[in-house]
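*Asks:* My questions will all concern the structure given below.
Rule-based calculations on the coordinates, nothing more; no lab input. It should be emphasised that the depicted structure is a prediction, and the values quoted were computed from it without experimental measurement. Cβ coordinates were reconstructed from backbone atoms using ideal geometry, including for glycine residues, and neighbour counts include every protein chain displayed.
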Amino acid sequence: MHTELTRRDVLLGAGAFALKPWSFWKQTDASKPVGWAILGLGYYATAQIMPAFAGSDRSKIVALISGHPEKLSRFGDQYNIPTGSRYSYETMDEIRHNPDIDVVYVITPPATHPEFVVRAAKAGKHVTSEKPMAPTVADCETMIRACRKAGRLLQVGYRCHYEAHNIRAIQAMRKKELGKLISIRSDHGFNIGTGQWRTQRALAGGGSMMDIGIYSLNALRYLMGEEPTSVQAKITTPANDPRFVDVEDTVEFNLDFPSFKGALGAGGYSWRQGKNQYEVVGEKGTLRGDPATPYNGHRLLINGQEVSVASNNQFNAQVEHMSSCIRDHKRVLTPGEEGLRDIRIIQAIYESGRTGKRVSLA
Ligand code: NAD
């Protein structure tokens with residue numbers, strides 16, 4: 001018997017976070033939607049995130065920040081953004097004087113996230129940063145510190161935590177519907193093209209692991225509901241492929257979890273094949289997401305049967321969750337600390353890939 005999720009479950013991440021009152025910022029006027037500034041007007045911002053504001057009760061795009069005047073003009077007109085609320089990267093610090101902006105959503109290449117997050121926090125704004133949070137643990141810590149110092153919330157754009165099928169899968173895991181675990185595995189990949197920032201280490205911070213592999217890692221962590229204690233990784237990168245001159249291709253790893261010692265948590269990723277799935281095998285049953293973390297068209301199967309889950313708009317749910325946390329002074333379901341945990345493990349994965357040794361995460 002699989003119960004349906006309520007809208008509240010979806011919005012609030014099935015109650016997976018504790019509420020705590022915050023007192024650092026002035027209560028947002030509850031009669032007005034929370035005001036969002038979108039920073040970076042590339043594919044993900046303009047094709048997925050910005051359209052998801054349509055129909056939002058509590059979130060509104062009120063400003064844009066971009067390095068391209070033409071995009072500021074085009075998307076500014078499309079979203080009815082006043083010209084005074086269209087900023088370049090050079091002028092973005094002026095947002096401190098714009099009371100309509102409550103939160104800045106940073107949607108640029110990962111290596112640029114730290115600078116933009118810190119500047120937004122210093123301007124007194126809450127921040128959402130896209131994944132991966134940043135190239136290094138030190139960067140993530142800087143971002144967390146800046147938001148704490150400013151008394152502002154920091155969310156990482158882990159949309160899957162707000163997506164109904166993934167929330168249902170998490171519920172099945174927490175309720176131990178599959179019995180004692182036998183194995184858990186997640187694989188993500190796609191066939192990447194050439195000439196992108198994703199294959200430039202200076203902007204991406206790494207290769208497939210940072211970009212698409214993080215979905216497998218994050219899914220293993222949210223499905224298990226606990227933190228891994230060690231990792232062993234193998235990295236395979238083809239020679240003479242122009243896409244992989246600067247960064248890695250395939251990363252496979254296994255994780256030990258406290259309740260799952262000696263068993264396998266694995267993720268295999270590649271930029272040469274399309275894959276998007278996770279599979280959990282327990283003594284009482286199986287759970288399979290296939291596809292598990294796409295933009296839409298999710299399928300969740302428990303014991304081979306497709307589970308009926310009311311689909312939601314995960315982008316909208318992620319944004320609305322942040323707005324409700326800002327308005328109601330609540331903790332964010334996917335805060336900076338969540339992004340930092342993944343980056344810490346990714347650094348250990350790279351170390352293990354380099355040395356061939358298992359790396360402790362204790
Ligand atoms: P994109 O290349 O389409 O857009 C990136 C934007 O950043 C562009 O507008 C570009 O002009 C700008 N930009 C590029 N280099 C810059 C620099 N050095 N400084 C400032 N701005 C720069 O990429 P995208 O696919 O939109 O990815 C952007 C971010 O969103 C990345 O962090 C990526 O990992 C993340 N993303 C997340 C998801 C998701 O499902 N959560 C999906 C896609 C991308």
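*Asks:* If packing is taken as the average number of other Cβ atoms within 10 Å across a peptide's residues, how do 333-344, 178-189 rank, most packed first?
*Replies:* Highest mean packing first, the order is 333-344, 178-189.
*Asks:* Using the charge dipole of the chain (Lys, Arg: +1 at Cβ; Asp, Glu: -1 at Cβ; taken about the Cα centre), state which of Gln305, Tyr44, Ala169 has its Cα farthest towards the positive end.
*Replies:* In the chain, that residue is Ala169.
*Asks:* Could you give each residue of the range 81-86 its phi-based ³J(HN,Hα) in whole Hz, using Karplus coefficients 6.51, -1.76, 1.60 with θ = phi - 60°, and x for Gly or Pro?
*Replies:* So the J values, rounded to whole Hz, are 8, x, 4, x, 10, 10.
*Asks:* About its Cα centre, what dipole magnitude does the range 42-181 give when the only charges are +1 on Lys and Arg Cβ and -1 on Asp and Glu Cβ, stated in debye to the nearest 20?
*Replies:* Here the range 42-181 has a charge dipole of around 720 debye.
*Asks:* Follow-up. Using the Karplus curve 6.51 cos²θ - 1.76 cosθ + 1.60 with θ = phi - 60°, what ³J(HN,Hα) values do you get for each residue of the range 194-202, in whole Hz, with x for Gly and Pro?
*Replies:* The phi angles translate into 9, x, 10, 5, 4, 9, 10, 4, 4 Hz.
*Asks:* Could you list which residues have their amide H under 5 Å from that of Leu255, counting only those 5 or more apart in sequence or on another chain, with H placed in the peptide plane?
*Replies:* Result for Leu255 returns Gly265, Ala266.
*Asks:* Net charge near Pro258: determine it from the other residues with C-beta under 14 Å of the C-beta of Pro258, scoring Lys and Arg +1 and Asp and Glu -1.
*Replies:* Taking every other residue near Pro258 into account, the sum is -1.
*Asks:* Near the amide H of Val309, under 5 Å away, which other amide H atoms are found, from residues 5 or more places off or on another chain, if H is placed in the peptide plane?
*Replies:* Residues meeting the amide H criterion: none.
*Asks:* Calculate the dipole size of the chain relative to its Cα centre from +1 charges on Lys and Arg beta carbons and -1 charges on Asp and Glu beta carbons; express the result in debye to the nearest 20.
*Replies:* 700 debye
*Asks:* Loop-only check: which GluC sites (Glu not before Pro) in the range 215-260 are DSSP coil with at most 12 other Cβ within 10 angstrom?
*Replies:* Hits after loop and neighbour filter: Glu226.
*Asks:* Please turn the phi angles of the range 280-294 into ³J(HN,Hα) values with the Karplus equation 6.51 cos²θ - 1.76 cosθ + 1.60 (θ = phi - 60°), one per residue in order, whole Hz, x for glycine and proline.
*Replies:* 10, 10, x, 5, 9, x, 10, 9, 9, x, 7, x, 9, 9, x
*Asks:* Then there's this: Once you place label points 7 Å from the Cα toward the Cβ at Thr355 and Ala138, how far apart are they in nm?
*Replies:* My value for the distance between the label points is 1.9 nm.
*Asks:* I need to check one value: relative contact order of the chain, counting alpha carbon pairs closer than 8 Å and at least 6 residues apart, in percent.
*Replies:* Relative contact order for the chain comes out at 22 percent.
*Asks:* Defining a contact as two alpha carbons under 8 Å apart and six or more residues distant in sequence, what relative contact order in percent does the range 207-362 show?
*Replies:* Computed value for the range 207-362: 25 percent relative contact order.
*Asks:* Exceeding 19 Å between C-alpha atoms, which entries from my cross-link table qualify? They are Lys125/Lys149; Lys131/Lys357; Lys234/Lys357.
*Replies:* With Cα atoms farther than 19 Å apart: Lys131/Lys357.
*Asks:* Using the Cα centre of the chain as origin and beta-carbon charges of +1 (Lys, Arg) and -1 (Asp, Glu), tell me which of Ala204, Ile345, Leu181 is placed farthest towards the positive end of the dipole.
*Replies:* About the Cα centre, the residue reaching furthest to the positive side is Leu181.
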